[in-house]
Structures are given as structure tokens and as C-alpha cells.
Amino acid sequence: MISEARVYRITLRTRFRGIDVRDGVLLRGPAGWGEFSPFWDYDVAESRRWWAAAEEAALLGWPEPLRESVPVNVTVPAVDAERAHAIVTASGCRTAKVKVAEPGQSAAEDLARVEAVRDALGPDGAVRVDANAAWDVDTAVARIRELDRVGLEYVEQPCASLDELAQLRRRIDVRVAADEVVRRSDDPLRVDLREACDVVVLKVQPLGGVRAALRVAEAHGLPCVVSSALESSVGIAAGVALAAALPELPFACGLATVALLTDDVTGTPLLPVDGALPVVRPDPDRIDAVAADPGTEQRWRARMDAVRAA
């Protein structure tokens, strides 16, 4: 049984995914704390998976880990080249995921950002880009070929549909990673990814929990990268648990996003050390310091009621 629900609200250092503030609910149960924090553009039906993930964390806990730490990438928002360089240099990570195709920004700005990241990492670091389904196929081909001057590890969700991804994949030499087409699918287990991608991005909350995400990984049989949904450290711990439970982990994971927040629910935030995160469950001992205002709390409690009723 869930014994406690606390709503948090934290501002971001830089606008990311179109938002300036991250908020959500921490749920306490016999297994510990879980997080329920679907973005506000998710409807009640989609948010049910996020609820299932929070209940799993609070009521059941997670599978036994196969590793004690998880390699992670630094995430670079759509900032200017100078700031991108500084973010990567300060991170200590050897892999960077760079946001591209931000509305209102140009291809030249994307290229400058990616080149700055490559310079910060040096020739041996790995650079991946995420377009969040912004391009059509022809645009994606042109942009990816230009960005691949720095040597890309993969490009994440460059186009919106499976058919577009399959068309693109036949025309470029860079790996394609699938994200939205999996996690926003009616049935992530049955999405036909055979021609569409080389890598599957797994996110715990949108897929319904660690065990559900492990089933998705097994169903597709492709290399997997575990990524965050911009959660607090409590939610990130679930992503780390998933990455730690995967039989193979060939790529660094996108779980170092607590650095994008100005604060956290815990005094021991999950921030990378030497490019890795430990497999731990943080105690949200700072939840009072980041507690949401009454209006935000009321909005979240109404949302929880709607999801549970569904």
C-alpha cells in the first residue's frame, strides 16, 4: 500500500523539452520510494504506465542488478557552442547526447554545438544526437550527413514514424535509435522495429516499470540504451536499476539528467562520477525544500485520482 505521496517542483537550468520546470509525485511504499511524473502532454491513458512504474518501485522493488554502476552520457541542451563545450568538459563523461533540431534554431547552430562537443570530448569520446522526431526523411539525410563530420555514434528518433525511420536507415551510414515510436506505442512489445532502427531507447516510466522495460528489450533483441524522462534522483534510480539488470549494456545510458535541474529531492543526487552512476536508491530527504505550491499539488493529486480511476 502507498503510505505517502509528496509533490515536488524544481526549475531547470536551461529550457529542455519545451519546459522550464519539472514537477511530479514521489510515492512511498514498503519497497521504498517511487516517482510518478508524466509530462503534462501525456493523457490519462498514457499516464497509466507511468503510474505502474511508480507502484513497482514503491511496492515491489526491482530485479537484482548485474552490475554495480552504469556508464552514462552527459546531455547537452540546445545551447550555444561555448556553453555546450563547458557542459561536456564539466561532466566528466566520455559520451555526450546533443539536442538538435530545436524549433527556431538553424542547422548551422546544430553543427556548431556538435562540433564544440566533439572538441570537448576529444577524438575518443562518443557523440550522439537527438532530434526528437523533428525531421522528414530528406531533411534528416542532409542534416545527419552534415553532423556526421564529427563522427556520430547514433542519431536518436530523427523522424516520427517507423516507415520514415526505415527509409532513412537505408540512406545513411549512422546507426538509428528508436525512442518515441516505442514508448508512445499502444503496445511497445509488438512494434516492428526490424527495418527501422539499430538501437532501442528504454525509459522506465513510459514503459510501465523496470520489469516491463526488460520485457521490451527481450522482445526486440536489439542493443538498448536506458534514458531518463527528466526525473528527480528517485526516478533516475529506476532507470539505473533497469540498466543494471540488462544482460548486456553496450552503450552509455542517458541517465545523467539530474544535472539539468537546479535542485533535487535528495541531498545525495544521482550525478555522474567519472562518467558513471552507482546502483543505489536515494533517500528524498530534501522533499520539503522542493515541495510544490498548493496549486501544483492540487493539480497532481487530481491527476493521480484520474489515472487510478482509469
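The values are calculated or read from the model by the stated rules, or taken from the named source; none is laboratory data. This is a predicted model, so every value here is computed, not measured. So basically every Cβ, Gly included, is an ideal-geometry build from the backbone, and we count neighbours across all protein chains shown. These area figures cover heavy atoms from the full protein model, side chains too; ligands, DNA and RNA do not enter into them. Shrake-Rupley method; radii C 1.70, N 1.55, O 1.52, S 1.80 Å.
Taking Glu195, is it at pLDDT 95 or above, closer than 17 Å to Ala53 by Cβ and of a type in the set (D, E, K, R)? Break it down stepwise before answering.
Values: at pLDDT 95 or above: yes; closer than 17 Å to Ala53 by Cβ: no; of a type in the set (D, E, K, R): yes.
Considered against the rule, which asks whether it is at pLDDT 95 or above, closer than 17 Å to Ala53 by Cβ and of a type in the set (D, E, K, R), Glu195 comes out as no.
I need every pair where a residue in the range 253-276 that is open to solvent by less than 10 Å² (accessible area, probe 1.4 Å) and in a helix (DSSP H, G or I) has its Cβ under 9 Å from the Cβ of a residue that is modelled with pLDDT of 95 or more and of a type in the set (D, E, K, R), sequence separation at least 6 or different chains.
Correct list of pairs: Thr257/Glu231; Val258/Glu231; Val258/Asp264.
Determine if the range 219-229 includes at least one residue that is among the hydrophobic types (A, V, I, L, M, F, W, C) and in a helix (DSSP H, G or I). Break it down stepwise before answering.
Residues of the range 219-229 that are among the hydrophobic types (A, V, I, L, M, F, W, C), as a first pass: 219, 222, 224-226, 229.
Narrowing further to those that are in a helix (DSSP H, G or I): 219.
Within the range 219-229, one or more residues are among the hydrophobic types (A, V, I, L, M, F, W, C) and in a helix (DSSP H, G or I).
Run down Arg286, Arg281, Arg303 and say which single residue is modelled with pLDDT of 95 or more and part of a helix (DSSP H, G or I).
Values: Arg286 fails: part of a helix (DSSP H, G or I); Arg281 fails: part of a helix (DSSP H, G or I).
The match here is Arg303.
Tell me whether the range 202-211 contains one or more residues that are outside any loop (DSSP other than H, G, I, E, B), open to solvent by less than 20 Å² (accessible area, probe 1.4 Å), touching a strand residue (DSSP E or B) at 6+ places or on another chain (Cβ under 6 Å) and touching a residue at least 12 places away in the same chain (Cβ under 8 Å).
As a first pass, look at the range 202-211 and keep what is outside any loop (DSSP other than H, G, I, E, B): 202, 204-207, 210-211.
Now drop any that are not open to solvent by less than 20 Å² (accessible area, probe 1.4 Å), which leaves 202, 204-207, 210.
Narrowing further to those that are touching a strand residue (DSSP E or B) at 6+ places or on another chain (Cβ under 6 Å): 202.
After this cut, where a residue has to be touching a residue at least 12 places away in the same chain (Cβ under 8 Å) as well, the list is 202.
For the range 202-211, residues outside any loop (DSSP other than H, G, I, E, B), open to solvent by less than 20 Å² (accessible area, probe 1.4 Å), touching a strand residue (DSSP E or B) at 6+ places or on another chain (Cβ under 6 Å) and touching a residue at least 12 places away in the same chain (Cβ under 8 Å): present.
Take the range 47-84 and flag every residue that is acidic (Asp, Glu), touching a residue at least 60 places away in the same chain (Cβ under 8 Å) and not in a helix (DSSP H, G or I).
Hits for the range 47-84 are Glu64, Glu68.
Which members of the range 82-98 meet the condition of being among the charged types (D, E, K, R), buried (at least 18 other Cβ atoms within 10 Å of the Cβ) and either out of contact with any helix residue (DSSP H, G or I) (no Cβ under 8 Å at 6 or more places or on another chain) or over 16 Å from Val273 (Cβ atoms) (or both)? Spell out how you get there, then give the answer.
Residues of the range 82-98 among the charged types (D, E, K, R): 82-83, 94, 97.
From what is left, the residues that are buried (at least 18 other Cβ atoms within 10 Å of the Cβ) are 94, 97.
If the condition is that a residue be among the charged types (D, E, K, R), buried (at least 18 other Cβ atoms within 10 Å of the Cβ) and either out of contact with any helix residue (DSSP H, G or I) (no Cβ under 8 Å at 6 or more places or on another chain) or over 16 Å from Val273 (Cβ atoms) (or both), then Lys97 is the only one that fits.
Can you tell me which residues in the range 143-175 are over 20 Å from Pro206 (Cα atoms) and hydrophobic (A, V, I, L, M, F, W, C)?
Of the range 143-175, the ones over 20 Å from Pro206 (Cα atoms) are 143-155, 163-175.
Once the filter is applied, which keeps residues that are over 20 Å from Pro206 (Cα atoms) and hydrophobic (A, V, I, L, M, F, W, C), the range 143-175 yields Ile144, Leu147, Val150, Leu152, Val155, Leu165, Ala166, Leu168, Ile172, Val174.
Go through (1) open to solvent by 20 Å² or more (accessible area, probe 1.4 Å); (2) part of a helix (DSSP H, G or I); (3) more than 18 Å from Ala57 (Cβ to Cβ) and name the single condition Arg194 misses.
Here Arg194 meets the rest and fails (2).
Scan the range 10-51 for residues that are open to solvent by 40 Å² or more (accessible area, probe 1.4 Å) and small (Gly, Ala, Ser) and jot them down.
Within the range 10-51, Gly18, Ala45 qualify.
Quick one: Val79 ticks every box in (1) more than 17 Å from Ser227 (Cβ to Cβ); (2) open to solvent by 20 Å² or more (accessible area, probe 1.4 Å); (3) of a type in the set (A, V, I, L, M) bar one, so which box is it?
It fails just one condition, (2).
When Ser161 is evaluated against the numbered criteria (1) closer than 28 Å to Asp41 by Cα; (2) buried (at least 23 other Cβ atoms within 10 Å of the Cβ), which criterion, by number, is the only one it fails?
Unmet for Ser161, out of (1) closer than 28 Å to Asp41 by Cα; (2) buried (at least 23 other Cβ atoms within 10 Å of the Cβ): (2).
Checking Pro71 against (1) open to solvent by less than 20 Å² (accessible area, probe 1.4 Å); (2) in contact with a Cys (Cβ under 8 Å, 6 or more places away or on another chain): exactly one of these is not met. Which one?
Among (1) open to solvent by less than 20 Å² (accessible area, probe 1.4 Å); (2) in contact with a Cys (Cβ under 8 Å, 6 or more places away or on another chain), the lone unmet condition for Pro71 is (1).
For the range 11-46, how many residues are under 17 Å from the mean Cα position of the chain (by Cα) and either free of Cβ contacts under 8 Å to residues at least 60 places away in the same chain or farther than 21 Å from Ala241 by Cβ (or both)? Explain how you work it out, then say what you get.
From the range 11-46, those under 17 Å from the mean Cα position of the chain (by Cα) are 12-24, 34-42, 46; that's our starting set.
Keeping just the survivors that are either free of Cβ contacts under 8 Å to residues at least 60 places away in the same chain or farther than 21 Å from Ala241 by Cβ (or both) gives 12-21, 23, 39-42, 46.
Of the residues in that region, 16 qualify.
Could you please give the count of residues in the range 118-158 that are crowded, with 21+ Cβ neighbours inside 10 Å and hydroxyl-bearing (Ser, Thr, Tyr)?
The number of residues fulfilling the criteria is 1.
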